[in-house]
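Everything below concerns the one structure shown next.
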Amino acid sequence: MTLIKSISGIRGTIGGSVSANLTPLDVVRFTSAYAQWLKTIRQDKLTVVTGRDARISGAMIHHLVNQTLVGMGIHVVDLGLSTTPTVAMAVPFHQAQGGIVLTASHNPKQWNALKLLNENGEFINAEAGANVLEFAEAEAFEYAEVDQLGQITQVSDAIVQHIQDCLALKWVQTDSIRQHSFKVVVDGVNSSGGIAIPALLEALGIEVVKIHCEPNGEFPHNPEPLKEHLTDLCEAVIRNKADFGIAVDPDVDRLVFVDEKGNLFGEEYTLVACADYILSKTPGPTVSNLSSTRALAEVTKSYGQSYCASAVGEVNVVTEMKATQAVIGGEGNGGVIYPDAHYGRDALVGVVLFLSLLVERNCSVSELRASYPDYFMSKNKINLLPGMEVEEVMNRLEKKYTDEECTTVDGLKIDFEEGWVHLRKSNTEPIIRIYTEAKTQKKADELSKQFEDEIKALF
């Protein structure tokens, strides 16, 4: 059982002992710390937007967070069952000073987390996160007196507002999409994506076939939207003769497509396709993280534009996007960040950009995928064991591969002529991630196995 504190939020498994897991006391402590940090920025009345995914522990955690904020004298705008990007967009909409999303994203059902947002609806940065952790460690909380308690306002239409904002984006071809008569299968992994994605598609006149769209938190498969977990979706696309399929993670910030033949479009290519569309309308730089496919850089360069890679983590991607004034960016895990909507990964935004590209190109999803350069990725991990010093691993491997291009912004990335490997300690799990990419799946897998063996040989 685990409790992890990082730029990705406060994440842990439910139950067990205090400070070793995400227990009710830990939820209260870290919510109080976040509230105390907000009070250092602004002294007058504060408002925080909260929302959750559908995981089983969500209601319990959500109530604890809301009532803790009330006890700190902070008003709460409660979106209830929602998505991470919906909460993010609701923060500035409600002129709030922050937001808390209760979701462990792609982690299994025993996990939950507090994702912390600033007044722009963006994840707090490393400095702010460190301040929150300092308050939590010191338990230096100042709670409100009875006449200064916060109040809770329930908001039930935030997802509807989110959908309207997506449809109003400049380059979204709503009329053409409605005329195309798409049929789409949606796998909502029995979380809030089972509400938001079908509602978005139906607003565009699309016929929707739902699988696993009951938001009860009973994930029917591993909630990370990877190929090996999406067999049901692939089969449903073929069975229903659909134009394509959509899968999201529990909090709807990651987006994966399945083509009309039941084949994965590739989570890495979600961002590639959306960037292709935006670059055709608004030329400019693009950004993804170091673990994302080279295909984005190639597509970007085909438009005569520049590409930059950031450290892994949404806040790092956003920082680099702002620095370079990128027109689009994101992460190769299916996370699309489009600044004209907001600076956050958003599956709903990704869906409308992808649909707009499809109708403009007037092609099938498989034909669209065939138009992009082929890269194949292997994503593996090694559990951290006692005595495994990650920094030592990276240093020794960097010295071994001094003849190759090495990047140490985030862990160690080694670029070879026809592929790369990226090794890093996860922000969300006690593991070392091993990501590789090559021109064939076999070569990517072999490269991954090579480095897995090299790491194990060090201990």
Cα pairs beyond 31 Å in the stretch 162-370, in percent, come to 12 percent
For residue 78, residues with placed amide H under 5 Å, excluding near neighbours: 50, 153, 154, 155
Among the listed pairs 115/210; 227/261; 183/241; 381/425, which are separated by more than 19 Å between their Cα atoms? 115/210
Here D for the stretch 3-156, in µm²/s, from Stokes-Einstein with a Kirkwood Rh over Cα pairs at 25 °C and 0.890 mPa s, works out to 164 µm²/s
Taking neighbour counts of Cβ atoms within 10 Å as a proxy for exposure, in what order, fewest first, do 116, 226, 204 appear? 226, 204, 116
Starting from the Cα-Cα distance between residue 340 and residue 261, subtract it from 0.36 nm times their residue separation and give me the gain in nm to one decimal. 25.2 nm
Using alpha carbon centroids, what distance separates the stretch 211-235 and the stretch 72-99, in Å? 27 Å
What's the percent breakdown of Cα-Cα distances in the chain across 10 Å bins, shortest bin first? 4, 21, 31, 27, 14, 3, 0
Segments 383-393, 228-238 sorted - mean Cβ within 10 Å per residue, highest first: 228-238, 383-393
Those residues of the stretch 230-263 whose amide nitrogen sits under 12 Å from the label point placed on residue 207, 7 Å along Cα→Cβ: 240-244
Given only helices, namely DSSP H runs of n ≥ 4 each adding -39500 (n - 2.57), what is the per-residue ellipticity at 222 nm of the chain, to the nearest 500 deg cm²/dmol? -11500 deg cm²/dmol
For a Förster distance of 45 Å, can you work out the FRET efficiency between the beta-carbons of residue 161 and residue 439, rounded to the nearest 0.05? 0.55
³J(HN,Hα), Karplus 6.51/-1.76/1.60, whole Hz, each residue of the stretch 10-17, x for Gly, Pro: 9, 10, x, 8, 7, x, x, 9
Virtual spin-label span in nm between residue 240 and residue 19, 7 Å along Cα→Cβ: 5.0 nm
Taking 0.36 nm per intervening residue step and subtracting the Cα-Cα distance, what contour gain separates residue 391 from residue 416 on full extension? 6.8 nm
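Coordinate-derived values only; no laboratory data. Every value quoted in this text rests on a predicted model; they were computed, and no experiment measured them. Methodologically, a virtual Cβ is constructed for each residue, glycine included, from the backbone with ideal geometry; neighbour enumeration extends over all protein chains shown.
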